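Chemist: This is the structure, below, for whatever I ask next.
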Amino acid sequence: MYAITSKRTLAKGVIEMTVQAPRVAAHHKPGQFVIVMSDEHGERIPLTIADSDPQKGEITIVFLEVGKTTIQLGEQFNAGDSLFAVVGPLGTPTHVEKFGTVVVIGGGLGVAPIYPICKGLKEAGNRVVAIVGYRSKDLMFWHDRIASVSDEMLVTTDDGSFGEKGLVTDALAKLHDGGAKMDRIIAIGPPVMMRAVSEKTKDWGVSTWVSLNTIMIDGTGMCGGCRVHIGGETKFVCVDGPDFDAHKVDWGEMFARMKGYAKEERMALEADHKCKLAFEALRR
Amino acid sequence: MADAIDIVELGGVKEGDKKKPRSKEKRLDIACQDAKERIHNYNEVALGYSPKEAVAESMRCLECPKPRCMVACPVHIDIPTFIGLISRGKFHEAAEDIHKYNALPAVCGRVCPQENLCEAACIINDTNPHNPIAIGRLERFCADYHFLHSDGEHAAPLKPATGYKVCVIGSGPSGLSCAADLAKMGHKVDLFEALHKPGGVMMYGIPEFRLPKAIVQKEVNYVRSLGVNIECNVVVGRTLPVKEVLDGYDAVYVASGAGYPNMMGIPGENLNGVYSANEFLTRVNLMQAWQEGVAGTPIRRPRRCVVVGAGFTAFDVVRIALRLGAQEARIVYRRSRDEMPGRGEEIEHAEQEGAIITVLTNPVKYLGDENGFVRAVVVQKMELGEPDSSGRRRPIPIKDSEYEIPCDTVVVSIGQTPNVLIPSNMPGLKTRWGSIIQANRETYMTTVPKVFAGGDAITGAATVILATRAGREAARSMDAYLRDPARAWYPPA
Ligand SMILES: Cc1cc2nc3c(=O)[nH]c(=O)nc-3n(C[C@H](O)[C@H](O)[C@H](O)COP(=O)(O)OP(=O)(O)OC[C@H]3O[C@@H](n4cnc5c(N)ncnc54)[C@H](O)[C@@H]3O)c2cc1C
Ligand SMILES: Cc1cc2nc3c(=O)[nH]c(=O)nc-3n(C[C@H](O)[C@H](O)[C@H](O)COP(=O)(O)OP(=O)(O)OC[C@H]3O[C@@H](n4cnc5c(N)ncnc54)[C@H](O)[C@@H]3O)c2cc1C
Ligand code: SF4
Ligand code: SF4
Ligand code: FES
């Protein structure tokens, strides 16, 4: 069992948890993820390792409450409880070397996973320019942490309630138009954002990398459920990735595959909800 | 073990009496759930013998002094002895005797291809054709009886501790068997499993209605009762780096199976609704997607399902599809019926349940709808040509024979190869065809000192009993290696 040592709400629906997983913490590298199961019958869901502390044997995960499992984790699991399974660190670590100047973009929930990447890149001697984007000011989190591991940080909000008004791609375009040096771009966030970044940078000739968040089960290359075409070849995101050259991703297929279980997920959530309502009615 | 067995009432032989084998009688059928009923549930199809039936079947056995059946069994279970014990009402003793040769009797009794192994060799076939002793069913009976009437733990004392530490990677039949034997020999064994439940393919691949998961977990508990430390959620090569394994243990057994799904690489294969067999089976078996309302992991309920392939896996998939409510579930196979590698009994069961088998047909592409979901498979008819290297006649496409089969689910079940995670992280480990680990077939040594390997990891997808045999033989070889002061290491031939 994997004990939850702390839990806090960073913004509406955004939860940060630290979990005891000594073997994972000891070997974690930037860009890797864990598969988490809340209980014995739960789903296996992939979550990026947002930070790790090998001394304490702890990892940090940050997740958005979007569906059955993440809502269950957010609502029913607290410090002192245990998760049924935490497996990792999985995936091929993000390629870290001295590139020069690296622009690292985190959109929404993607802000958490870029923290270890910025940290790693900075330690490797790069100049790190971070662009973090949120829908609005009240959904902001971890921008202070990103600031501590980057040389320059730009914040955007969709509604302009903090930083620049607009999307991360607007800030990126501005940087580029201003002649900023960019040797590599890394973008993590909702697939629509990653595709938008990819489309923008295609003509710039700057190598652009994204971290794909396909549906997964085992996370070890066994089921093939995470597969997607990259440069015309089928790749398993959990072992060959999750980082890929953004310009080679078959985005149409990626989007279609993410919706593969939309109906079943909605049903599962509704069933959960009905149970809860029935349970509350009983209690009354 | 206080339960009283009245062996005379059960029709067996009393202690001291002489057995009069009734080998001329017909082999006793096993009760099965009716096909119409069973496609609406996941309960076991073959129901197993009652004590009375088991004794009756055991009374047919000649208890041959030179038993051919035992030679044919890959782990050489002492078949006449355990069947003799059944005839005399000593069911627990029979189970314990089997355990000397096989750590997984409840599993093997159910899923071994007996008709090609022990039962094919039974001498009764000579005088009473097609009526060999039902060895597998009797083996299953003993194991089930023992589990039902005892705590199922290991009773006999273990050998004194040797002080050696051994690491086993993977908890399929090969890893479990090897770990069990090494523990019995007095070694300290840590077994690591990547998934959250031990059992390998027995948990995630073979469905509940052929092999109940509770049975697999009982076999696992038996292995635990021997002192084997099983840790799940550990992916060797990631959670535990290979170097730490090599530094931390005196010997290592790699039993990581063949879990990487093969796909055909044809257009449309990444459409939604096109699964690898592993994904389909894992969702249903390991994640229990068939238990709606309990399991968190969904499965889309197929209405028209096409299963590509005709092995063990394909037949399991087609039968699951029927249980999930498919109106049409079809096997599509590129060779003819004679070449189908599936087990006879499974093919028969699948057809009883309504599966359609379309032979000499091969998919060439998948067609999707506007949302990226599969709506049909385009197939091509085949004819058989000259025999190929495997001795089977090679299928050749027939020109202009393409047609569409409408479907909403496709499951590609054309075999698995080993995962590259361990080979690619273990410098010096030689492989064949990319990922099949090279190991000596007698010593199970690999090209890396102190590392042994067996089961599907060194053969590609095979059977439970062959994986078990490899585990047992490797344990013996590893024991010799550990006790050898020189730690002699022979690179594989
Ligand atoms: C490598 C990787 C790292 C990830 N890291 C994070 C992270 O750090 N924080 C975070 O909040 N989310 C992360 N995700 C996404 C996260 O896994 C999903 O949000 C989660 O699985 C949703 O589960 P659910 O049961 O709550 O929602 P569901 O009800 O199952 O689904 C809700 C939505 O989530 C998507 N989804 C469902 N299952 C998965 C899945 N297995 N993988 C990806 N998307 C899925 C669906 O398309 C659907 O739109 C990551 C995904 C991957 C592949
Ligand atoms: C659907 C299906 C039906 C079958 N039906 C039958 C049947 O009826 N009869 C029969 O005899 N055979 C059958 N087989 C074949 C049989 O199941 C296999 O041959 C057998 O399980 C192989 O055993 P193994 O121990 O070598 O590997 P596996 O059972 O594959 O076990 C390997 C284990 O190692 C784990 N692992 C892999 N890599 C790592 C790692 N890096 N770190 C930690 N753990 C790791 C895996 O998660 C897995 O649990 C069937 C197979 C399938 C897929
Ligand atoms: S293990 Fe398999 S081959 Fe051996 S006796 Fe049992 S059923 Fe027969
Ligand atoms: S060969 Fe047949 S009759 Fe002889 S011991 Fe084996 S099972 Fe019994
Ligand atoms: S998640 Fe199963 S192969 Fe990637």
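The values are calculated or read from the model by the stated rules, or taken from the named source; none is laboratory data. Since the model is a prediction, treat every value here as computed from it, not as a measurement. Please note: Cβ atoms are built from the backbone with ideal geometry, for glycine as well, and neighbour counts cover all protein chains shown. For accessibility, only protein heavy atoms count, side chains too; no ligands or nucleic acids. Shrake-Rupley method; radii C 1.70, N 1.55, O 1.52, S 1.80 Å.
Chemist: Given the conditions (1) more than 16 Å from ligand 5 (Cβ to nearest atom); (2) assigned to a helix (DSSP H, G or I), which single one is not true for B:ALA295?
Modeler: Going through the list (1) more than 16 Å from ligand 5 (Cβ to nearest atom); (2) assigned to a helix (DSSP H, G or I), B:ALA295 breaks only (2).
Chemist: Moving on to the next point. Scan the range A:207-246 residue by residue and report those that are under 19 Å from A:ARG184 (Cα atoms) and either within 16 Å of ligand 4 (Cβ to nearest atom) or acidic (Asp, Glu) (or both).
Modeler: Within the range A:207-246, A:ASP243, A:ASP245 qualify.
Chemist: Of the residues that make up the range B:82-100, is at least one more than 14 Å from chain A (Cβ to nearest Cβ), of a type in the set (Val, Ile, Thr), more than 13 Å from ligand 3 (Cβ to nearest atom) and in contact with a Gly (Cβ under 7 Å, 6 or more places away or on another chain)?
Modeler: no
Chemist: Out of the range B:241-269, which residues are buried (at least 21 other Cβ atoms within 10 Å of the Cβ) and at the interface with chain A (Cβ under 7 Å from one of its Cβ atoms)?
Modeler: Passing the criteria: B:GLY259, B:TYR260, B:PRO261.
Chemist: Still on this structure, please answer the following. Take B:LEU182 and tell me if it is touching a Ser or Thr at 6+ places or on another chain (Cβ under 9 Å) and either surrounded by fewer than 24 Cβ atoms within 10 Å (Cβ to Cβ) or not aromatic (Phe, Trp, Tyr) (or both).
Modeler: no
Chemist: Let me ask something else. Residues in the range B:57-71: is at least one loosely packed, with under 14 Cβ neighbours inside 10 Å and among the hydrophobic types (A, V, I, L, M, F, W, C)?
Modeler: yes
Chemist: Further question: Pick from B:GLU231, B:GLU193, B:GLU208: which is open to solvent by 30 Å² or more (accessible area, probe 1.4 Å), within 13 Å of ligand 2 (Cβ to nearest atom), acidic (Asp, Glu) and modelled with pLDDT of 95 or more?
Modeler: Only one candidate qualifies: B:GLU231.
Chemist: So for the range A:215-238 (the condition being open to solvent by 30 Å² or more (accessible area, probe 1.4 Å), under 30 Å from B:ASN425 (Cα atoms), modelled with pLDDT of 95 or more and more than 10 Å from chain B (Cβ to nearest Cβ)), does at least one residue qualify?
Modeler: Within the range A:215-238 (the criterion being open to solvent by 30 Å² or more (accessible area, probe 1.4 Å), under 30 Å from B:ASN425 (Cα atoms), modelled with pLDDT of 95 or more and more than 10 Å from chain B (Cβ to nearest Cβ)), the answer is no, since none of the residues qualifies.
Chemist: With the checklist (1) hydroxyl-bearing (Ser, Thr, Tyr); (2) under 29 Å from A:MET254 (Cα atoms); (3) at pLDDT 90 or above in hand, flag the one item B:SER424 doesn't pass.
Modeler: (3)
Chemist: If you don't mind, another one. Residues of the range B:292-307 being more than 7 Å from chain A (Cβ to nearest Cβ) and free of Cβ contacts under 8 Å to residues at least 60 places away in the same chain, which ones?
Modeler: Correct list: B:GLU292, B:ILE299, B:ARG301.
Chemist: Being assigned to a loop (DSSP other than H, G, I, E, B) and touching a Lys or Arg at 6+ places or on another chain (Cβ under 9 Å) is the filter; apply it to the range A:132-159 and report the residue that is nearest to A:GLY107 (Cα to Cα).
Modeler: A:ASP158
Chemist: Kindly establish whether A:VAL192 is open to solvent by 20 Å² or more (accessible area, probe 1.4 Å) and within 16 Å of ligand 2 (Cβ to nearest atom).
Modeler: For A:VAL192, the condition - open to solvent by 20 Å² or more (accessible area, probe 1.4 Å) and within 16 Å of ligand 2 (Cβ to nearest atom) - is not met.
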